[in-house]
Structures are given as structure tokens and as C-alpha cells.
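**Student:** Sharing a structure below in C-alpha cells format, with a few things to ask.
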Amino acid sequence: PLFASCHRTNSTMNSFTSAIRSSLLQNANKGDSLRRWSINELLKLNDVNATNAEVVLQEIRTRLAIQHQRLSSFPRVEEYAKIASSSDGATLSKSLKMLLQLHENTYMLPHEIIETDYLMEGFSNRPKQMYLKQMVDDIMTRHGASVDTFADAAIASRNMEHQIPQILRKQFRTDATILQNPEPFLHSRLLIQLICEHYVSLNKGKPTGAVSIDADILDIVDDATTEAKHVADANLGIAPEVQIRSADGPFVPPPIIRSWLHHAIVEVTKNAMMSTVEKWDDQPLHQKQSLPSNILIDVSRDTDFMSIRVVDNGIGLNADRSDKAFQFAASSTQKRWDRIDEQQSYAAVRQPLGSLGVGLSLSNLMMKCFGGSVSLHNNQSETGCTATLRVNYNDDYKALN
């Protein structure tokens, strides 16, 4: 045999009680019973009560168990790490261990509450409600950090594949399915975050939770572009101006997840600014304008979708940029962002331009979750590129699990 044994990627499970191990494995097999969430289903979860709290905790616990099982499906990482001659093998092994431990420890939070019925009894007690809200907030914070660690693992896996003997590469790709095809893991991560955000928002007195009804879309676009400009200015030394318009005039917007739409607009606008400044920098001095060209953002709607188009006059998309545009953790810099290093600048609100390459791929998943999309194409009549975000008006569209 090529491998004499299969080692687990994490030893912390050995310290768990048999009952907890059994619970984790049992919940990991409940994928078929998970709720198919839609915007409307979220809106039905509109009150802070014991029933809804139990729904939230059960959903989070089951999804964390499924995520853990996905991570555990790469059991031979240690053997591959020994074969790889660079530090990538060690990075991959360390990252997967960290992810497993994160999911195991986070799983314990809802698990202990569900099994003890501590909060479900006398739930009208305000301190208990606040305790649960804080716990869900803690799960959202802990779990939110998983994306950078997962990106590290994906990058290391991609780098070390060519270091593995040819005869083992097919098996390596099979074993590393979670990293070769990261979308199911990342999609599930987004749903866990959304369920947490929705419950925490309800506790903060927002009647529709994480969902925004009749939102001021132009205001959301303006907030997002302001953030993108601060990041561009901090990283590039200059930020193109942005013109925002609604060609169709005022219209009723679709129900949205505001945090997701904000994130997606920031990401595509950052990319547009980077492309625009790159082209401006490359111009001969005697032809160079005093400022980079403006970026146009147009908001409109058709029958079924709202569209937000971000149009730049930058360098456009070549074949390599097109292929890697939505690939997770595909960055030329692969530089980890450090909040401490950036805490003196406004750029601390967002990872810098050219970081781990996760922003656009996650934006695409956010839009796709409830039937929308993100697309990129070169402009036909001019230089530059257009990024189009489409948001679905169908609030019964059910997200995949």
C-alpha cells in the first residue's frame, strides 16, 4: 500500500467524551434534514423566543458538525506533508488542524446549551436571552475567522501538488477534495454566519434581522464605495472618484442581506479602482492625466433582478485574470492582512488590495446563495471592465445546503 496507515488530522477529538464524539458524528449525518433557507424563511424567524432559539442552535450545531466531517475527510494530510519538500506541507497540516479544532470547540457552544436545556427553561428571563445572544455572537466571530485559515490550506495544497510524485497526484486530488472544490465548505460557512447574524440582529431590536426590506440601495452603494476609496487610498496612495446613478430612477428594491451586498460592492469596486490606477500609473508622463479616470456605478432593475454595474476604464481582463477572477485564494501576493499592522489607518476595516484572494470568490457565493450572481466582462467600446451584481427579487428562492 502507498500509505501504511491513516492518521487523523487532529488529536483533540481524543479528549472529547464518547457522548460528544457520538453527537458530532450523528449530527454530521443529518444533512438531509437541514432547513432550506430563503429570504422568506429568515423573515419567518422574527421573534426572540425559545422555539426560534432552539431552531438557531440546532441549525448551527448540525452545520458545524457537517463542516467538521468535510475537514476530517482528508485523513492522510500528514503523509502528504512528509512527502512535500517545502513548508507548504507543514502549512497545510497546521491549517487543517486549526480548522478542525476551531469547529470542534465552536460545536461545543450550541451543543452544551441544547443538551442541558439550561436556556430553554424560563427563556423569558432577559439575562438568559442576552447570554444566548452573546454566545451566538461569539460563534459568528470565531467561525468568521475560518476563511483565512482555509485560504492558507488551499494555497498550500495548490503549491505542494507538484511536489508530490506523479503516481500519487490523482489520489492527492481525491483526498483533498475539500480544497480542490471549496465551494460547498464556503457556502455552508456563509449560511452559518447568516443564521448567527440574523439571530443577533433580532436581539438588537431589528424586526427583520439580517434582512433589509425597502433598503436605500444608493445609500448602501455610497457606503460601500466610500470604504473602497479609503482602502484604495491607503494601499495605492490615490483613489479614483466614483459616480453613482440610477438610470431607471427610484424603484422598489428586492429584499437583501445588507452585509453581503455591502461586501460584494466593496470587493468589485476595489478591483475596479486597482485596475484603473494601474492603467493610470502605466501612462507616459507627457500623456498622463492629473487623476485616474472615474468609475461609474449604475443601479437598475428588470423584471426579476436588481443590477448594480461597476464600470471602469482600467487595464481590463486578460485570459489569466478571467480564469482566476472567482478562484478561491488565487492571489498574486498571498499576503496575510494584519489588523495590528493596519490599525493606524482606515484600511483596517477591510483586507488590503491583493491579499489572500478570497473577497471576489466569497462575493460571488453571497450573491449566488439566493439566486443572484456576479459577472465580469471587458467593455466592448472602451478599455476597462464591467462587474455586474444581480440580486434576485424572488424571496422564496431556497439556498442549497
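The values are calculated or read from the model by the stated rules, or taken from the named source; none is laboratory data. Because the structure is a prediction, the values reported are computed rather than measured. We place every Cβ from the backbone using ideal geometry, glycine too, and count neighbours over all the protein chains shown. To get the accessible areas, we keep the full protein, side chains included, count just its heavy atoms, and leave off ligands, DNA and RNA. Shrake-Rupley method; radii C 1.70, N 1.55, O 1.52, S 1.80 Å.
**Student:** Does LYS128 count as farther than 30 Å from GLN327 by Cα, part of a helix (DSSP H, G or I), of a type outside the set (Phe, Trp, Tyr) and in contact (Cβ under 8 Å) with a residue 40 or more places away in the chain?
**Tutor:** Criteria not met by LYS128.
**Student:** Name the residue that is most open to solvent (accessible area, probe 1.4 Å), counting only residues in segment 234-249 that are touching a residue at least 24 places away in the same chain (Cβ under 8 Å) and out of contact with any strand residue (DSSP E or B) (no Cβ under 6 Å at 6 or more places or on another chain).
**Tutor:** My answer is GLU241.
**Student:** While we're looking at this one, here's another question. Which one of ILE195, ILE217 is open to solvent by less than 30 Å² (accessible area, probe 1.4 Å), farther than 14 Å from MET140 by Cα, touching a Phe, Trp or Tyr at 6+ places or on another chain (Cβ under 9 Å) and modelled with pLDDT of 95 or more?
**Tutor:** Of ILE195, ILE217, the one residue that is open to solvent by less than 30 Å² (accessible area, probe 1.4 Å), farther than 14 Å from MET140 by Cα, touching a Phe, Trp or Tyr at 6+ places or on another chain (Cβ under 9 Å) and modelled with pLDDT of 95 or more is ILE217.
**Student:** Any idea which residue in segment 159-205 is nearest to the chain's Cα centre (by Cα), counting only those that are under 22 Å from CYS369 (Cα atoms) and not in a helix (DSSP H, G or I)?
**Tutor:** Looking at the filtered set, the residue picked out is PRO182.
**Student:** Against the definition (surrounded by fewer than 20 Cβ atoms within 10 Å (Cβ to Cβ), under 30 Å from SER157 (Cβ atoms) and under 25 Å from the mean Cα position of the chain (by Cα)), how does THR106 come out, yes or no?
**Tutor:** So THR106 does not fit the description; no.
**Student:** Another question, if that's okay. Give just the number: which of (1) surrounded by fewer than 21 Cβ atoms within 10 Å (Cβ to Cβ); (2) touching a helix residue (DSSP H, G or I) at 6+ places or on another chain (Cβ under 6 Å) does LEU168 not satisfy?
**Tutor:** Exception for LEU168: condition (2).
**Student:** Can you tell me which residues in segment 36-53 are modelled with pLDDT of 90 or more and not polar (S, T, N, Q)?
**Tutor:** ARG36, TRP37, ILE39, GLU41, LEU42, LEU43, LYS44, LEU45, ASP47, ALA53
**Student:** Separate question: Being touching an Asp or Glu at 6+ places or on another chain (Cβ under 6 Å) and assigned to a helix (DSSP H, G or I) is true for just one of ALA156, ALA151. Which residue is that?
**Tutor:** Answer to the selection: ALA156.
**Student:** Go through segment 312-330 and give me each residue that's at pLDDT 80 or above and either closer than 21 Å to ASN392 by Cα or acidic (Asp, Glu) (or both).
**Tutor:** Correct list: ASP312, PHE326.
**Student:** Which condition from (1) within 24 Å of ILE178 (Cβ to Cβ); (2) assigned to a loop (DSSP other than H, G, I, E, B); (3) open to solvent by less than 20 Å² (accessible area, probe 1.4 Å); (4) modelled with pLDDT of 65 or more is the one that SER355 breaks?
**Tutor:** Condition (4) is where SER355 drops out.
**Student:** Continuing with the same structure: For residues that are touching a helix residue (DSSP H, G or I) at 6+ places or on another chain (Cβ under 9 Å) and open to solvent by 10 Å² or more (accessible area, probe 1.4 Å), scanning just segment 180-192, find the one that is modelled with the lowest pLDDT.
**Tutor:** The selected residue is GLN180.
**Student:** Follow-up. Using the structure shown, decide if LEU45 is over 16 Å from LYS204 (Cα atoms) and open to solvent by less than 50 Å² (accessible area, probe 1.4 Å).
**Tutor:** no
**Student:** Any residue that is modelled with pLDDT of 95 or more, of a type in the set (A, V, I, L, M) and within 24 Å of the chain's Cα centre (by Cα) - is there at least one of those in segment 247-259?
**Tutor:** Yes, that holds for at least one residue.
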